[in-house]
Amino acid sequence: MFLLAGLGNPGSKYSGNRHNVGFMALDAIHARFGFPPYRKKFECEAADGEIDGARALLLKPATFMNESGRAVGAALRFYKEDAAALTVIHDELDLAPGKIRLKRGGGVAGHNGLKSIAQHIGPDFRRMRVGIGHPGEKALVTGHVLSDFSKTDRDWVERTVEAIAEAVPILLDGDDAGFANRVALILNPPAAKKAENKKTENKDQT
């Protein structure tokens, strides 16, 4: 079984926060592949379904960010899976808005949700980092992640989470590079890139 955990804080108060982009991506996957309604299990909103024939469990911890590991760890223990079966989708300050990077293991870079998960199950899970940009000063970080995406952000956020959902079967096949390439192509299709380059060339000639 594959376990996909999106990180965020529960409740409508936080639903539009930058910190909740993991929940947003998980909801896009949930909708795209017709998962049954979420139900309360493992201190999560959980949905058990299939992604292109592969069984997958979607998890949105209801413990608040700092205790994400308690919920995710309970699900892994129930299904007798280890950290290798888990992909965590989360916000990343050190990536430009809309950029996506994958890695397995390593440090948690100050992210309290990742820190909690690593404490409960160890560090060897896959992380899907979704860039939200950095506010520029450390003192502004908390306000940045706990504030809603702006109106101008919403277009790229929606396109990004839909691209993740479209490409996620490749990720479940274990092809991290293929997933990243597919997301990049969805967000920047060759025809659009060609038109953009042509526009730049015409501008340079004037």
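A short reminder: the numbers here are calculations on the coordinates, not readings from a lab. Computed from a predicted structure; not experimentally measured. Here Cβ is always computed from backbone atoms with ideal geometry, including for glycine, and neighbour counts include all displayed protein chains.
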query: Is one or more of the residues making up segment 82-98 touching a residue at least 24 places away in the same chain (Cβ under 8 Å), among the hydroxyl-bearing types (Ser, Thr, Tyr) and in contact with a Leu (Cβ under 8 Å, 6 or more places away or on another chain)?
result: yes
task: Within segment 49-80, track down each residue that is farther than 18 Å from Ala25 by Cα and among the hydrophobic types (A, V, I, L, M, F, W, C).
output: Ala54, Ala71, Ala74, Ala75, Leu76, Phe78
query: Among the listed residues Gly34, Gly49, Gly8, which satisfies the condition of being part of a strand (DSSP E or B), in contact (Cβ under 8 Å) with a residue 12 or more places away in the chain and out of contact with any strand residue (DSSP E or B) (no Cβ under 6 Å at 6 or more places or on another chain)?
result: Gly49
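Which residue out of Val108, Val141 is surrounded by fewer than 19 Cβ atoms within 10 Å (Cβ to Cβ), among the hydrophobic types (A, V, I, L, M, F, W, C) and within 15 Å of Gly69 (Cα to Cα)?
That would be Val108, the only listed residue that is surrounded by fewer than 19 Cβ atoms within 10 Å (Cβ to Cβ), among the hydrophobic types (A, V, I, L, M, F, W, C) and within 15 Å of Gly69 (Cα to Cα).
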Which numbered condition Leu95 fails, given (1) surrounded by 20 or more Cβ atoms within 10 Å (Cβ to Cβ); (2) within 26 Å of Ala184 (Cα to Cα); (3) among the hydrophobic types (A, V, I, L, M, F, W, C): (1)
message: List the residue pairs whose Cβ atoms are under 9 Å apart, where the first residue sits in segment 136-163 and is closer than 21 Å to Ala184 by Cβ, the second is among the hydroxyl-bearing types (Ser, Thr, Tyr), and the two are 6 or more positions apart or on different chains.
response: none
query: Is there a residue being over 15 Å from the mean Cα position of the chain (by Cα), surrounded by fewer than 15 Cβ atoms within 10 Å (Cβ to Cβ) and part of a strand (DSSP E or B) anywhere in segment 75-89?
result: no
- prompt: Given Arg39, Arg70, Arg32, which one is under 20 Å from Val108 (Cα atoms) and among the basic types (Lys, Arg)?
  reply: Arg70
